Every structure is written in C-alpha cells, then in structure tokens.
Amino acid sequence: MTEADASVSRKARGAEILRKLGRRVRELRRAKGLTQEALAELVGISVDGISQIERGVNFTSMVHAEALADAVGVPFHELFRLEPVPPLEVDAGRLLALFIAQPPEVRRAMLEQAEGLAQLARRLTSSAS
C-alpha cells in the first residue's frame, strides 16, 4: 500500500467513524426526547452544528463532546460507543440518569416504587401461567 493509499484509507475510516458517531448522537438525543434545537441550546452550539454532527459531516471539540454527553444523560465514554445499543440498555441508561439526578430521599422512594412494581409484575406473570 502506498502512502497515498494509506491516506485515502485513513480518510475513509475517519468519515465512517464520524457517521457512526453522528448516528449515536441522534439515537441518544431521541432517546432523551430532545429536539436538535433543545440539544443545541444545552450544548451551547448552533442547531446547524448539531445537524452536522448527526449527519457525520463534522464533529466538535472535546469540550462540546462532554456537554453533549451530559445533555443526553450518558457518561462521556458512552458517547463514543459506536456499535448499536440494544433498546434495553438505552432504557436502563435513561432510568439511571433519572435516578442519579435525584436527591437521596427521592431515590429511596423511587426504589420502593420500582420494587413494588416488580412484585406486581411477578404476581401477574405467575397468575397468568
């Protein structure tokens, strides 16, 4: 492989990574129920900037990447998880983000409610069998 071929190959890989990253940002934004406008406001960039990221045309600085992760409620490293995320993991991430954002007394109440719902689900499942 010539140096020129290697350069083309790197550019193609880079473009594919940008597309995957854009899809990831779009998935996370939608899972959070945010519009591009709302996400742009939270991150501090233009709507066009969010659109370019989601289309894989451009990416932003690491500072904006951190703000993107915060805005969609995922840890920074999860923003760069480029393989498809199963829906269950997206739901679990949303629940965790909601839980973490609460004060301790609200967390306790949330856990009690979740445990009660789980017990009800077990009873309904066992009575249906």
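What follows is calculated from the coordinates using simple rules that are stated; it is not laboratory data. Fair warning: this is a prediction, and the values are worked out from it, not measured in the lab.
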message: Restricting the calculation to Cα positions, tell me the Rg (one decimal) and the Dmax (whole number) of the range 86-129 in Å.
response: 13.2, 39
query: Out of (1) 145; (2) 93; (3) 102, which label holds the value of volume of the Cα convex hull per residue in Å³ that was computed here?
result: (1)
message: Can you show me the helix-derived [θ] at 222 nm for the chain, built from DSSP H runs with n ≥ 4 at -39,500 (n - 2.57) apiece and divided by the number of residues, rounded to the nearest 500.
response: -25000 deg cm²/dmol
- request: With a length cut of 30 Å (Cα positions projected on each helix's long axis) and a Kyte-Doolittle mean of at least -0.5, go through the chain and give me the DSSP H helices that pass.
  value: 104-128
query: Of ARG108, ARG26, ARG55, which is the most mobile in a GNM of the chain whose springs link Cα atoms less than 10 angstrom apart?
result: ARG108
